[in-house]
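Remarks on the structure that follows.
Rule-based calculations on the coordinates, nothing more; no lab input. Everything quoted here is computed from the prediction, not taken from an experiment. No Cβ is skipped: glycine too gets one built from the backbone with ideal geometry, and neighbour counts run over all protein chains shown.
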Amino acid sequence: MDRPATFQDYRSAMLLSGVGDALGYRNQLWEYNESGPAIHQELKELGGLKNITVQLPDWPVSDDTVLHLATAEALATGKEGEDLLQHVAACYVEAMKDMEGRKPGPSSILGVSQLRPGTEGGFRVPYNPDGTGCGAAMRSMCIGLRYPRPEQLSTLVAVAVETGRMTHPHPTGFLGAVASALFTSYAAQRRPIETWGIGLLKEACPIAKSFVESQGFAVKETERDWSYFPQKWEWYLELRGLSEGTGPVHWPSSYGPAERDEAYKSFSLKGWAGRSGHDAPMIALDALLGSGSDWEELMSRSGFHGGDSDSTAVIACCCWGLLYGTEGVATCNYTHLEYRERLENSAEKLYALSHSGGD
């Protein structure tokens, strides 16, 4: 794909991230369904993806999109450095007032309750050894839209680490934010998807580690718990034949909904696919690698599986929208999406900032 990411691609990225979230969530019914085959059967009974009108009250967005919007709208102010982090923290506090029926995770609830925006260092929370979930990963794609260029990688990583550990101070959690932001920037760069995983391991993770050390906050705990994330990603890339960043991708001979459920569980920390910071972007990448420009296949792989299906879809669909726009997506899937206007407005502002010539 040669053409650069356009304003319309940015809008599609933010819009479809919300669509993937709402579809994968299905008002709590599918996020907590552990059977991909059962979800596919229910999808068939609904008339298939092309017949789903994503709108309230049956298809709300979850906490994923509410918090992604909080990140995006803070970034869209153009603030930088500590001003930005304080503003993100304030946006997260405000976003937690909009969680009725959206099921935020325990680390997100705890972390936001500990934020003190406006006070010195108030964007940092105490280290949490249980902060391994996907809550940081699912809200960080827009960081890649704000800092899409290769020369902005250090800024992207710093913002992803600091905003990620506002709720998920454990590296398995906040490195998920780095992965989601990075993959979105790679999509904007039109970088081959086969190279994304090795870029995460070889380019972004070392920068993240150096950044944590430079900040002098929870350094010992972070170093102690660091290894799981990169080791699991090394395992995944070897599984898919992508350790060198080149294809072809190694796929199982059969990889339908039942087989994917088993595979995704093997990616996971404790058997709940997509629930952690490392495997939500991993499943999203797996889906992007396997679906090409086919929207229905992308949703089948990223959004309709056993486990945390909205959090994997919100990441995959943001990257997919940036790559392919809304071509092939049934208009009923997005026309009446909750918070559509906010998603598109933030995309417009992020596009303008990312193309203004400054950092």
Extended-chain gain in nm, criterion 0.36 nm per residue less alpha-carbon gap, HIS355 and TRP235: 39.6 nm
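Jot down the per residue volume, in cubic angstrom and as a whole number, of the convex hull over the alpha-carbon atoms of region 148-276.
Details: hull volume 14.2 nm³, N = 129.
In region 148-276, the Cα convex hull volume per residue is 110 Å³.
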How big is the C-alpha Rg of region 7-354 next to the rule-of-thumb value 2.2 N^0.38 Å, as a ratio? 0.89
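Could you tell me which GluC sites (Glu not before Pro) in region 10-86 are loop residues by DSSP with no more than 13 other beta carbons within 10 angstrom of their beta carbon? Provide the component values of the computation, followed by the final result.
On the way: sites: GLU31, GLU34, GLU42, GLU45, GLU73, GLU80, GLU82; in loops: GLU31, GLU34, GLU80.
Counting only loop positions with at most 13 other Cβ atoms within 10 Å, the GluC sites (Glu not before Pro) in region 10-86 are GLU80.
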Cut-off 10 angstrom, C-alpha nodes, Gaussian network model of the chain. Which of SER17, SER254, SER266 fluctuates the most? SER254
Phi-based couplings in Hz for region 71-79 (Karplus 6.51, -1.76, 1.60; Gly and Pro marked x): 5, 5, 5, 5, 4, 5, 6, x, 5
Spacing of the two label points (7 Å from each Cα toward its C-beta) at THR53 and ARG342, in nm: 2.3
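Mean projection of the alpha-carbon convex hull of region 101-169 over all orientations, in nm²?
Values: hull surface 21.8 nm².
The directionally averaged projection comes out at 5.5 nm².
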Residues meeting the amide H criterion for THR167 (H placed from the backbone, H to H distance under 5 Å, 5 or more places apart or on another chain) are none
Cut-off under 5 Å, modelled amide H: who pairs with GLY133 long-range: GLY277
Considering Cα pairs under 8 angstrom that are at least six residues apart, work out the relative contact order of the chain and quote it in whole percent. 31
Taking the alpha-carbon centre of each part, the distance from region 119-146 to region 221-261 in Å is 23
Once exposed loop trypsin sites (Lys or Arg not before Pro) are cut out (DSSP; at most 10 other Cβ, 10 Å), longest piece of the chain: 98-269
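What shape does region 1-119 have by the C-alpha gyration tensor, where a ≥ b ≥ c are the square roots of the eigenvalues, rounded means a/c under 1.5, and otherwise prolate means a/b greater than b/c and oblate the rest? Don't skip to the end; give the middle numbers.
On the way: a/c = 2.84, a/b = 1.43, b/c = 1.98.
It comes out oblate by the Cα gyration axes.
Between SER113 and GLU259, what's the calculated FRET efficiency when r is the beta-carbon distance and R0 is 30 Å? Round to 0.05.
E between SER113 and GLU259, to the nearest 0.05, is 0.15.
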Considering the Cα trace of region 145-203, what is its radius of gyration and what is Dmax, both in angstroms? 11.0, 31
